[in-house]
Amino acid sequence: MITGILFPADEDTPIVKVEVDAENLEVMQGIVEGKFEAHNLDSPPASIFSNDGAMLWSLPFNERATLLLWQHAKELRGQVYISGDALLTGMPDRRGFTKSVPSELVTLLLETETYHVEFLHRPDGPWSKSRTVFTNWLEAYNFAIIHEQTFATVRNARVVSA
């Protein structure tokens, strides 16, 4: 059993920490309502499992899972959209076994009450913190993505606890 975070497509349903048997194909397919694909996050190392036929089946757009993916796997930004329920886990180990979601993501997404966005303007740093304080991680992620795409001086952005 591993710990994951379930991202329901229904935005009125909160994301929750779940315990799942990630090695049981039927369990994983049940969570995402069909065959799945995994998208890997760069930092921290994690994976988002989602229904690979979501567009074919017209599953509802999952804004929360998509924004999380776009912030942590920037090369997929604007190219991959997640629809239907999704599951965030850790990356697989060397043997291919899926691990639990990194604790820093559990803390940030489920236990943090206020957020800042930090920006990197030069490759060698330092990070600068925005003055805006967010009480919703989704708004902070959206703010980070928009600023990173809009301002030429912003090389990178990250969401941190305030």
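The values are calculated or read from the model by the stated rules, or taken from the named source; none is laboratory data. As the structure is a computational prediction, the values presented were derived from the model and not from experiment. We place every Cβ from the backbone using ideal geometry, glycine too, and count neighbours over all the protein chains shown. Protein only, heavy atoms only, side chains kept; ligands, DNA and RNA dropped before computing areas. Shrake-Rupley method; radii C 1.70, N 1.55, O 1.52, S 1.80 Å.
Assorted remarks:
- Some residue of the stretch 41-56 being open to solvent by 50 Å² or more (accessible area, probe 1.4 Å), touching a residue at least 60 places away in the same chain (Cβ under 8 Å) and closer than 16 Å to residue 108 by Cβ: no
- For the residues 63, 19, the requirement of being open to solvent by 20 Å² or more (accessible area, probe 1.4 Å), at pLDDT 90 or above, closer than 26 Å to residue 148 by Cβ and of a type in the set (D, E, K, R) singles out 63.
- Residues of the stretch 119-147 classified as surrounded by 15 or more Cβ atoms within 10 Å (Cβ to Cβ), within 17 Å of the chain's Cα centre (by Cα) and without any contact (Cβ under 8 Å) to a residue 60 or more places away in the chain, total: 4
- A count restricted to the stretch 98-118 and to residues that are under 16 Å from residue 161 (Cβ atoms) and surrounded by 12 or more Cβ atoms within 10 Å (Cβ to Cβ) stands at 14.
- Just one residue in the set 80, 18 is part of a loop (DSSP other than H, G, I, E, B) and either in contact with a Phe, Trp or Tyr (Cβ under 7 Å, 6 or more places away or on another chain) or touching a residue at least 24 places away in the same chain (Cβ under 8 Å) (or both); that residue is 80.
- Subset of the stretch 22-40 [open to solvent by 60 Å² or more (accessible area, probe 1.4 Å) and in a helix (DSSP H, G or I)]: 25, 26
- Residue within the stretch 149-161 that is open to solvent by 30 Å² or more (accessible area, probe 1.4 Å), closer than 15 Å to residue 74 by Cβ and in a helix (DSSP H, G or I) present: yes
- Those residues of the stretch 83-108 which are touching a residue at least 12 places away in the same chain (Cβ under 8 Å), among the small types (Gly, Ala, Ser) and farther than 25 Å from residue 147 by Cβ, in sequence order: 83, 84, 90, 100
- For residue 95: the one exception among (1) open to solvent by 60 Å² or more (accessible area, probe 1.4 Å); (2) closer than 27 Å to residue 19 by Cβ; (3) in a helix (DSSP H, G or I): (3)
- Of the criteria (1) in contact (Cβ under 8 Å) with a residue 60 or more places away in the chain; (2) farther than 21 Å from residue 160 by Cα, which one residue 37 fails: (1)
- Residue count for the stretch 10-51 under the criterion of being of a type outside the set (Val, Ile, Thr) and in contact with a helix residue (DSSP H, G or I) (Cβ under 8 Å, 6 or more places away or on another chain): the result is 15.
- Exactly one residue out of 63, 111 is of a type outside the set (Ser, Thr, Tyr), in contact (Cβ under 8 Å) with a residue 24 or more places away in the chain and closer than 30 Å to residue 155 by Cα, and it is 63.
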